[in-house]
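Below is one structure; the comments refer to it alone.
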Amino acid sequence: MKTMCLEERTKELAKLFSYDNRVVLPGSPVEIHPFRFHQEVGEEDIELYRLAIPVTGFCAVPDSKIIENKDFTYTVFLPKGGANYSRAILLLHGLNERQWDKYLTWAEELVLRCGVPVILFPIAFHMNRTPANWYSPRWLLPWLNKRKQEILNLCNASFFNVALSSRLSDSPLRFYVSGRESALNICQLVAGIKEGKHPLFREDCQVDLFAYSIGALLSQVLLIADPNGYFSSSRLFTFCGGSIFEKMNGNAKDIIDQNAYDTIKNYYLNYFVYGKQALAEGRLFRDDALERAFRLMIAPDVYAPERHAFFEKAKDRVQMVSLKKDIVVPTVGLREAVGEELAPALTSELDFPYEYSHQTPFPSGKNIPFQDVFLGFRTVFDKAAGFLSSKV
């Protein structure tokens with residue numbers, strides 16, 4: 001990528017990106033391959049949880065019957081003409097995302113800097129894993145108006161977040177179940193890679209992770225639980241992510257509204273983390289590795305010794321970068337996740353000389369100093385590439 005053209009390159013890649021066709025990027029040694037994914041691993045497990053999730057007015061179809069979430073396309077950025085790789089980087093996105101646009105330059109940069117494929121894998125009910133009408137303003141308008149009428153003084157309600165906000169308010173259990181489903185999907189993907197069933201990768205391929213925002217929490221749960229030993233040597237680099245759940249604040253017009261935020265915070269901090277939900281929903285919960293790993297990441301003072309023990313053991317495989325002005329995933333949340341003793345080694349905080357946010361760390365616009373934005377981008381990806389390219 002040429003100096004200072006991040007905005008232009010993002011627009012170019014967004015125009016070229018396709019879920020349907022292989023794309024050879026002009027003027028770049030990188031190409032994009034689409035692959036189909038059909039959910040198989042853990043389908044019965046997830047279905048049992050969803051028996052406790054009611055069908056809502058917003059979507060009359062049960063979650064288990066939403067085909068787009070079970071059968072979908074993911075894409076891989078890779079060096080042009082390559083195959084048979086012994087390493088891969090899995091890139092995970094943030095909460096309530098429906099387009100990969102901002103991540104396309106991230107994926108390209110990691111391929112160019114690390115020389116290995118980067119897999120863009122969508123979290124359950126995000127990106128292309130939802131019905132199209134969930135993002136149609138005409139279809140959403142009645143639901144947005146209804147939600148505003150039913151919930152007095154509702155803050156941060158918008159077209160962008162009404163689908164996710166409605167679903168989480170109706171059943172906060174969805175947050176965990178969708179995360180669990182995503183983890184099982186990733187395990188299925190990684191199993192296929194490590195068993196030599198993926199056309200791009202060698203058997204026993206090393207899979208590392210670059211994770212942003214809520215994708216970082218999902219990645220931490222995967223590394224802590226380590227289903228089937230798939231992630232025992234994986235490296236994890238988080239950007240604007242890695243916080244303990246309690247310190248995350250997703251109350252924003254482009255994430256979730258105030259009611260949904262308050263609902264999930266209350267459920268996970270007062271019930272789920274202590275196992276209280278098991279009294280009413282005992283048949284649902286497994287107390288298995290994935291569930292325990294998520295519990296470890298909910299509150300700073302609950303299960304802290306076990307959580308800190310994991311990060312001590314994995315301290316050479318984890319690096320987390322936060323932004324000083326990030327109010328969605330603040331630095332204090334990262335430090336509480338790993339503990340003050342490990343925080344200096346595992347976490348670092350950056351600040352940029354321009355207006356940015358958690359959702360838009362590399363903004364564009366005529367009043368934005370694009371040289372500074374490019375320098376901020378390079379600073380983050382210098383750290384990411386250096387860490388993900390090194391050996392443990």
Where residue 374 falls short, out of the listed (1) open to solvent by 40 Å² or more (accessible area, probe 1.4 Å); (2) assigned to a helix (DSSP H, G or I): (1)
Extreme residue, least open to solvent (accessible area, probe 1.4 Å), among residues of the range 85-101 that are under 18 Å from the mean Cα position of the chain (by Cα) and more than 13 Å from residue 215 (Cβ to Cβ): 88
Residue tally, condition surrounded by 22 or more Cβ atoms within 10 Å (Cβ to Cβ) and either assigned to a loop (DSSP other than H, G, I, E, B) or out of contact with any helix residue (DSSP H, G or I) (no Cβ under 7 Å at 6 or more places or on another chain) (or both), over the range 315-327: 2
Cross-chain or 6+ apart pairs with Cβ under 7 Å, the range 192-205 first and closer than 17 Å to residue 41 by Cβ and touching a residue at least 12 places away in the same chain (Cβ under 8 Å), then of a type in the set (Ser, Thr, Tyr) and assigned to a loop (DSSP other than H, G, I, E, B): 194/230
Residue 387 open to solvent by 20 Å² or more (accessible area, probe 1.4 Å), assigned to a helix (DSSP H, G or I), closer than 29 Å to residue 113 by Cα and in contact (Cβ under 8 Å) with a residue 60 or more places away in the chain: yes
Enumeration of residues in the range 41-85 that are within 19 Å of residue 197 (Cα to Cα), in contact with a Pro (Cβ under 7 Å, 6 or more places away or on another chain) and of a type in the set (A, V, I, L, M, F, W, C): 72, 76, 77, 78, 83
Test: residue in the range 235-255 that is in contact (Cβ under 8 Å) with a residue 60 or more places away in the chain, open to solvent by 10 Å² or more (accessible area, probe 1.4 Å), in contact with a Phe, Trp or Tyr (Cβ under 7 Å, 6 or more places away or on another chain) and more than 30 Å from residue 350 (Cα to Cα): no
Total residues in the range 166-209, condition under 24 Å from residue 334 (Cβ atoms) and assigned to a helix (DSSP H, G or I): 9
Qualifying residue in the range 210-220 (condition: over 28 Å from residue 48 (Cβ atoms), modelled with pLDDT of 95 or more and either in a strand (DSSP E or B) or not small (Gly, Ala, Ser) (or both)): yes
The range 115-165 - residue that is polar (S, T, N, Q) and open to solvent by less than 10 Å² (accessible area, probe 1.4 Å) and, of those, nearest to residue 252 (Cα to Cα): 161
Matching entry among 64, 18, 28 (being under 24 Å from the mean Cα position of the chain (by Cα) and in a loop (DSSP other than H, G, I, E, B)): 18
Conditions (1) in a helix (DSSP H, G or I); (2) surrounded by fewer than 19 Cβ atoms within 10 Å (Cβ to Cβ): number failed by residue 336: (2)
Scope the range 54-84; condition open to solvent by less than 20 Å² (accessible area, probe 1.4 Å) and either under 18 Å from residue 163 (Cβ atoms) or among the polar types (S, T, N, Q) (or both); matching residues: 56, 58, 59, 63, 64, 66, 69, 72, 73, 75
Selected residue (only one of 264, 255 is modelled with pLDDT of 95 or more and farther than 18 Å from residue 297 by Cβ): 255
Qualifying residue in the range 345-359 (condition: of a type in the set (Ser, Thr, Tyr), touching a residue at least 40 places away in the same chain (Cβ under 8 Å) and buried (at least 18 other Cβ atoms within 10 Å of the Cβ)): yes
Enumeration of residues in the range 30-44 that are open to solvent by 30 Å² or more (accessible area, probe 1.4 Å) and at pLDDT below 95: 40, 41, 43, 44
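The values are calculated or read from the model by the stated rules, or taken from the named source; none is laboratory data. No experiment lies behind these values; they were computed from the predicted model shown. We place every Cβ from the backbone using ideal geometry, glycine too, and count neighbours over all the protein chains shown. These accessible areas exclude ligands, DNA and RNA; they are computed on the full protein's heavy atoms, side chains included. Shrake-Rupley method; radii C 1.70, N 1.55, O 1.52, S 1.80 Å.
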